[in-house]
Amino acid sequence: GFKTCILTNNWVDDSAGRLFTATLMNLLRRHFDLVIESCRLGAQKPDPEIYAYALDALQVKPQEVIFLDDVGENLKPAREMGMATILVRDTETVLKELEEQSGVQARSGEEPLPTACDPSGVTHGYVPIRPGVQLHFVEMGHGPVVCLCHGFPESWLSWRYQIPALADAGFRVIALEMKGYGESTAPPDVKEYTQEEICKDLVVFLDKLGIPQTVLLGHDWGGAVGWNMALFYPERVRWVPPTGGRIRPQGGPGPWGGLASAANFLPPHPVQGVAEAELEKDIGRTLKVLIRSTRPEVGVGLRVELGAVPLVAGGLLVGFPEDPPASQILNGPELQYYIQRFEKSGFSGPLNWYRNMRPNWRWALSAKDRKITMPALMVTAGKDVVLHPSMSKGMEEWIPQLRRQHIEECGHWTQMERPAALNRILVEWLEGLPPDTPLPKISRL
């Protein structure tokens, strides 16, 4: 509930060695509501003018502000204007004083949420794959490319906590809006959503952005895309770190998601429109029912065990409240963004991913003797009833360089339920990988 502002006595200097300042300013703007640089204002701390400017920009009164600085001289004018002040010596003392002055617990036992990006704070791009099909993506950062692939029923925004963290760690992050979702095209032909077609589209996507290789990070169906890209287009994949999603090359695609059974109130060849009608009737209700935390206090007893949904007539949402309580992991502006995306795309495209189980199986069988040889990471969640950790048993036989990580107190929506823990796992793993090998020289033709 606090706005955050940085006042920095900074200057513009384009000479060698000042790149760090530019990088630092870039990072600060990503994590704070307002960054005020003395060089752009013509005033610096402890000049009262810079404090007055900050108050005006934040639209607050001095009595509503707590000002922190590690230089005592800079605190004096803030106090004289009526602000509360804290001299910074060490983090623990600062947090204690913040608690006393604000009345807000600054050191709770819960994991703090990482900085999230919002749709207006990232670069949006659109890549035409072929006539009538385009993919929408968002982008942040510079460095080796990491592509994020979401699952069902999600959005690129499900990665909102990972995008800034991976960009800060030195990666160029591209979060795809998968085919059928949001501003990506939702072709009516069910065959457009086979894993074979999805992967072909992803190769064209990389080609058109001039990306020879990428790290693929996937969740749910996005994890299936990652494994299939590693099997069928290994030259395009540097490393594969899916969170959820599974592949069994020895026998076909395996159960990529228990949600396949949940959505199999769709039969293998469903009557088009039945499932869509149920999920589109009240999109807000659909999302609040499906996308929830596993914490006991959340939902006042509402539990969505998708992997255990029986194949009964009536649908996926039968028995759930007409007005479910708010979801702790998807609410407010983020929920509204999701609703807007599905109002635009509908659920036909996303459901068509499930209507291709047989073609996916046949395609996977053609790679049944192959192994995934590049480094790979599997992150499992102890309370995930859709993709239970037991489903990943035996993966090492087919992925010799597999590394495992596990988050016990977490359900299916890993990126949103335990974002800080997942970010630590991903950044540590990515930073520990070997550097890029130079690409072979190719003909200038």
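The values are calculated or read from the model by the stated rules, or taken from the named source; none is laboratory data. Values in this document were obtained by computation on a predicted structure and should not be read as measured data. Every residue, glycine among them, receives a Cβ derived from its backbone with ideal geometry; neighbour counts consider all protein chains shown. Keep in mind that these areas ignore ligands, DNA and RNA; they rest on the heavy atoms of the full protein, side chains included. Shrake-Rupley method; radii C 1.70, N 1.55, O 1.52, S 1.80 Å.
In the range 71-82, is there at least one residue being at pLDDT 95 or above, in contact with a Gly (Cβ under 8 Å, 6 or more places away or on another chain), farther than 30 Å from Met140 by Cα and of a type in the set (A, V, I, L, M, F, W, C)? No, the range 71-82 contains no residue that is at pLDDT 95 or above, in contact with a Gly (Cβ under 8 Å, 6 or more places away or on another chain), farther than 30 Å from Met140 by Cα and of a type in the set (A, V, I, L, M, F, W, C). Taking the range 376-432 as the range and being modelled with pLDDT of 90 or more, part of a loop (DSSP other than H, G, I, E, B), open to solvent by 10 Å² or more (accessible area, probe 1.4 Å) and within 19 Å of Thr214 (Cβ to Cβ) as the test, only Gln401 passes.
Being farther than 15 Å from Pro350 by Cβ and touching a His at 6+ places or on another chain (Cβ under 7 Å) narrows it down to one residue among Val145, Val138; which is it?
Numbers: Val145 fails: touching a His at 6+ places or on another chain (Cβ under 7 Å).
The conditions single out Val138.
Taking the range 79-127 as the search range and keeping residues that are of a type in the set (D, E, K, R) and part of a helix (DSSP H, G or I), which one is farthest from Gln63 (Cα to Cα)? Steps first, please.
Going residue by residue through the range 79-127, those that are of a type in the set (D, E, K, R) are 79-80, 89-90, 92, 96-97, 99-100, 107, 110-111, 118.
Those still in the list that are part of a helix (DSSP H, G or I) too: 79-80, 92, 96-97, 99-100.
On the way: Arg79: 10, Glu80: 11, Glu92: 24, Lys96: 20, Glu97: 16, Glu99: 16, Glu100: 15 Å.
Only one residue fits best here, namely Glu92.
Take the conditions (1) open to solvent by less than 30 Å² (accessible area, probe 1.4 Å); (2) part of a strand (DSSP E or B); (3) closer than 21 Å to Ala167 by Cα; Ile36 misses just one of them, which is (3).
From the list Glu154, Glu100, pick out the single residue that is on the phi < 0 side of the Ramachandran plot and surrounded by fewer than 20 Cβ atoms within 10 Å (Cβ to Cβ). Within the list Glu154, Glu100, the selection yields Glu100.
Cβ separations smaller than 6 Å between residues 6+ apart or across chains give the following pairs from the range 150-177 residues that are over 17 Å from Gly226 (Cα atoms) to residues that are of a type in the set (Val, Ile, Thr) and assigned to a strand (DSSP E or B): Ile163/Val173; Leu166/Val146; Leu166/Val173; Ala167/Val173; Phe171/Val146; Arg172/Val145.
Selection of the range 67-90 for residues being closer than 21 Å to Asp33 by Cβ and open to solvent by 40 Å² or more (accessible area, probe 1.4 Å) yields Leu68, Asp70, Met81, Val88.
Among residues that are at pLDDT below 95, open to solvent by less than 30 Å² (accessible area, probe 1.4 Å), assigned by the TED database to the domain that holds Gly218 and of a type outside the set (Phe, Trp, Tyr), Leu335 is not included. List, please: which pairs have Cβ atoms under 9 Å, are six or more places apart or on different chains, and start with a residue in the range 190-217 that is farther than 16 Å from Asn228 by Cβ and end with one that is open to solvent by 40 Å² or more (accessible area, probe 1.4 Å) and among the basic types (Lys, Arg)? Hits for this filter: Ile211/Arg172.
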